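Quick notes on the structure that follows.
Any read-out appearing in this document is the output of simple, stated calculations on the displayed coordinates, not a laboratory observation. All figures in this text were calculated on a predicted structure; none of them were measured in a lab. We place every Cβ from the backbone using ideal geometry, glycine too, and count neighbours over all the protein chains shown.
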Amino acid sequence: MAVFATGTGPRPGGRAWDLFYDLVVYHVPWVAAGAACWLTARTAPREAVAWRAMATSLLVGAVGNVARIVETGQAGTTPSPVADACVAVAYGSLYVALFVLIRARVTRFLPSMWLDGVVGALGASAVGAGFLLGPYLTGDGQVSVMQVAWPAADVLLLALLAGVGAILGVHLDRTLVLAGGAVALFCVADAALFALSVADRYTDGGPLELLWLAGVLCAAVAAQRTTGDPRPREDDGGVRITWRLVALPLAGTLAALAVLAAGYGDQLPSTAGWLAVGCVLAALARTAVTFREVSSFATVRQEARTDELTELPNRRALLETARSVVAAATTARPAALLLLDLDGFKEVNDSLGHGAGDELLRQVGPRLAPALRPGEVLARLGGDEFAVLLPAADLDTAAERAGVVHDLLRQPFAVDGIRLHVGVSIGVSTAPVPADDVQELLRCADVAMYAAKTERTGVHVYVPDPSSGSGERLRTMEELRTALVRDELDVHLQPQVAMDDGRVVGVEALLRWHHPVRGLVGPAQVLPAAEQAGLLRPLTDTVLERSLDAVARWWDDHGVPVSVNLSAANVADLDLPRKVAEKLARRGLPAAALTLELVEDTLMADPERGRTVLGELRRLGVRTSIDDYGTGYSSLAYLRRLPADELKLDRSLTCDVADDERAAAIVRHTVALAHDLGLSLVAEGVEDVVTARRLAELGCDVAQGYAVARPMPVGDLLRWLAAERLPLVPTV
């Protein structure tokens, strides 16, 4: 039995055993493998059709074998209507299985993939038609068309298998390799059966039967190793030039050339020659597509590294170049980076429009190009921020080059027929000291640029200074982004009382950050970091939400409004009045429950837009207040046109009124000005009763400061409002 199982010895037993083996034993693996494939369809929904088709091929193939034995009583290629019909169904099912398996792995077919499949399929077809079927189609060995029908189907199936491999490339998809191996073994066995039958050399039960059983085993193992849907092959953008992807198309092309060479002089059938010619033509078309794809890839790559507006290298291109430059930098031959940020660019956009701003940005490159040396890179990082990479420059040289760039950009730009002057702040940093990688180089340059902008020096060179607080500021910026998401921000409230009778007329909301490590952090540490990080608008929105939630808790009992400070970003938001109205309506609060405060500098940054926004807020009934009056521009002409309800005197004007007559005179005349303009006046920084009494004598309406109360959480304020208090300035 063991000798027979390997196909190297005779069958044991007599005719009864032969019949039992042919009809039952031999087909048990076929049925078992078919069942395994059918069950696999349940665990791989995207490949379900493929595994059912494979199961159908195995089961119907087994039925066909049994039918052939029953009908003809012998094996081989003897015609049998039922068996031939079953074989046709089996072949069709294999085609379906291969098609679905490839479709599950390729989500999008590119032209190059189709051509690779055509090359592989035509090459395999040419070889099959020339060397497998050729000897039986020409010369003395000719056979009938019906006799070569199934071998021809095998050749087409092998061609499809080659096309699938050409499309997917050579890679370790074990399921597909095993399933393809099963199909290939079936085809080889069928072709061998055909050749032996034509030569009248086939004997039932020989080694050839092991090929079919090996194919059945491969199909069963493929089904067993499939545990779910396959991951689609990643789209490579059409540029497919690795050896894994060109191996099979190249093999198909070489095979076609071999067929053409071997068939020279009509040695092979004309069909093989035409298939080979088609394969070569498809390979030429694939070559043309490859050149086009490579050219397109180069174009796309260049576009991905170029800023669309200025046509300068973009951030990605700068980082790519900077990595190699920093890696090659040494203390003897350092590299440097200049980080540029245009000053006043926002005013250009706001005054002349974004088109003028874009035109200004386009002129930066041509302006600086003559100052660049070979190997130096000027890039636009985004917005109005540029960078110059100096591959060979020490700190002094970089500072000198920054001065040249600064002077060039200080010269006027001609935009829309207008001469514009914009400033520039430049931060300078070097590698490998203090920055030993690209990200650190950018960070140091950013710190230096921020210092140049703050100090208005134009150029600032980064020098490590543990006491500078730059690292702490950057950490605060990142932690603040997280705090906005994690709801770590809150407000404390400081009461404001009337000077005449001590009644509470309002409270001011002051930002507090419940930092998980540093504890309670005030606005002095938060606001500068928020401004640089561009978080002032979401920060103000959060404070406004918290403040309105708080006032909703006491409005019905006390009717005390809350004051909230606005940033410049909020004042420039023409949609702010609508947002405020929605927030009030959501809490059932009247407009009188809110006062919005703005500092003078914020208003002067964009006077016209500020006036529009404040006017809309006043029409809603929301009061507006000018905060820190006396520390900014103090433009009386602008104050005359400003739609505001109150002025808040800064503590720098109120703290010395009890001892300094000049300070008292300023307060007295400011009070008179405010009252003449119909504004009430709030005195900030009232720290003691003496100061409060003097401010009351000077005509101030409202006091705010430690003499009244310190800022407190909402719960403490509710208790403070419910308690009885004496007037801040007792009446005589």
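Descriptive notes on the structure:
- For Gly685, distant residues with modelled amide H under 5 Å away: Gln704
- Cα centroids of the range 352-387 and the range 488-523: 45 Å apart.
- With K and R counted +1 and D and E -1, the other residues having a Cβ less than 11 Å from that of Arg410 yield a net charge of -1.
- Charge tally for His354 (other residues, Cβ to Cβ under 14 Å; Lys, Arg +1; Asp, Glu -1): -4.
- Each label was represented as a point 7 Å from its Cα along the Cα-to-Cβ direction; for Leu372 and Asp487 these points are 5.0 nm apart.
- Charged-residue dipole, Cβ positions (Lys, Arg, Asp, Glu), the range 508-627 about Cα centre, Debye nearest 20: 320 debye
- Computed FRET value (nearest 0.05) for Gln224 with Leu254, which takes r as the C-beta separation and R₀ as 51 Å: 0.90
- For Val497, the residues whose modelled amide H falls within less than 5 Å of its own, excluding neighbours fewer than 5 places apart on the same chain, are Val505, Ala703.
- Rounded to the nearest 20, the Cβ-based charge dipole of the range 320-415 about its Cα centre (Lys and Arg +1, Asp and Glu -1) stands at 340 debye.
- Computed E for Arg662/Lys346 - FRET, C-beta separation, R0 41 angstrom, nearest 0.05: 0.60
- Each Lys or Arg adds one and each Asp or Glu subtracts one; over the other residues with Cβ under 12 Å from the Cβ of Gly383, this totals -2.
- For the pair Leu574 and Ala332, a Förster radius of 60 Å applied to the C-beta separation gives a FRET efficiency near 0.60, rounded to the nearest 0.05.
- Each label point was placed 7 Å from the Cα along the Cα-to-Cβ direction; for Val433 and Leu196 their separation is 8.2 nm.
- Centroid-to-centroid separation of the range 557-586 and the range 673-732 [C-alpha atoms, Å]: 23 Å
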